[in-house]
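Peer 1: Structure in structure tokens, see below.
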Amino acid sequence: MATPARPPLNALKKRLERSRVERQDQARDGFLRETFVLPRSDARLKAREWFDRWPKQAYWTEIESWFERPGDVIEFTIRRLPAAD
């Protein structure tokens, strides 16, 4: 009786490589981060939405970095803990 052929592993290899890259990109400090590039007025609304939804006292919500881009556009990264204790 012949031994069955091994299944192709290319898809599995690609998925593992993609997963490893994604994990390396994530910070290891436990915070969830999201970056936005919005016009100034929309950026203020988005930040207010985050602080209303995830209060600073419970989730340590914080604007981690922000930059003014040409055309009155703001790029900012906001972070928070995934859950309040």
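The values are calculated or read from the model by the stated rules, or taken from the named source; none is laboratory data. None of these values were measured; they are calculated from a predicted model. Cβ coordinates were reconstructed from backbone atoms using ideal geometry, including for glycine residues, and neighbour counts include every protein chain displayed.
Peer 1: Can you name the residue in segment 1-22 that is within 30 Å of ILE63 (Cα to Cα) and of a type in the set (Lys, Arg) and, of all such residues, is modelled with the highest pLDDT?
Peer 2: Selected residue: ARG18.
Peer 1: Where the second residue is part of a loop (DSSP other than H, G, I, E, B) and the first is over 19 Å from TYR59 (Cα atoms) and lies in segment 31-44, which pairs have Cβ atoms under 9 Å and are six or more apart or on separate chains?
Peer 2: Listed pairs, sorted by first residue: PRO39/GLY71; PRO39/ASP72; ARG40/ASP72; SER41/ASP72.
Peer 1: Assess whether ASP25 counts as being surrounded by fewer than 10 Cβ atoms within 10 Å (Cβ to Cβ) and modelled with pLDDT of 95 or more. Quick ask: steps written out before the conclusion?
Peer 2: Values: surrounded by fewer than 10 Cβ atoms within 10 Å (Cβ to Cβ): yes; modelled with pLDDT of 95 or more: no.
So ASP25 does not fit the description; no.
Peer 1: In segment 28-48, what residues are at pLDDT 90 or above and small (Gly, Ala, Ser)?
Peer 2: Residues satisfying the conditions are SER41, ALA43, ALA47.
Peer 1: Scanning segment 70-85 for residues that are surrounded by 13 or more Cβ atoms within 10 Å (Cβ to Cβ) and more than 16 Å from the chain's Cα centre (by Cα), which turns out nearest to ASP29 (Cα to Cα)?
Peer 2: From segment 70-85, those surrounded by 13 or more Cβ atoms within 10 Å (Cβ to Cβ) are 73-81; that's our starting set.
This time we only want the ones that are more than 16 Å from the chain's Cα centre (by Cα), so: 73-74.
Values: VAL73: 29, ILE74: 25 Å.
Out of the qualifying residues, it is ILE74.
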